[in-house]
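Please treat every number below as a calculation from the coordinates, not as lab data. Owing to the predicted nature of the structure, the values given are computational and were not obtained by experimental measurement. All Cβ positions, even for glycine, are placed from backbone atoms using ideal geometry, and neighbour counts span all protein chains on display.
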Amino acid sequence: MGQKILNRKSNLKEEVRALRSFIIGVLGRDREGEYKPEFVRKVLKAARERAIFTFKNKRAFLKQIGKKS
């Protein structure tokens, strides 16, 4: 891999970490401001699982996240 791709991959990993932290910080809190243990367990379990999708380009990525379950 070229250095440019490695830099982009590193930047994307950092962005995902930041987004994960934000989601846990905002959605994972209950009314008293404490983390909901079941939510945290679910997010941490999902973070350990192997990704089921591989995106080759931004169009494939946007197409996949645009799909409704």
In Hz, Karplus ³J(HN,Hα) per residue of region 15-25 (6.51, -1.76, 1.60; θ = phi - 60°; x = Gly, Pro): 5, 5, 4, 5, 5, 4, 5, 4, 4, 4, x
FRET E, pair ASN11, VAL40, Förster distance 22 Å, beta-carbon r, rounded to 0.05: 0.25
Distant-in-sequence amide H partners of LYS36 (H built 1.01 Å from N, under 5 Å): ARG29, ASP30
Violating pairs (Cα-Cα greater than 27 angstrom) within the set LYS13/LYS36; LYS4/LYS42; LYS13/LYS58; LYS36/LYS63; LYS9/LYS36; LYS9/LYS42: LYS4/LYS42; LYS36/LYS63; LYS9/LYS36
Candidate values [x] 28, 16, 11; [y] 28, 12, 8; [z] 22, 12, 10, label of the one derived for semi-axes √(5λ) of the Cα gyration tensor in Å: [x]
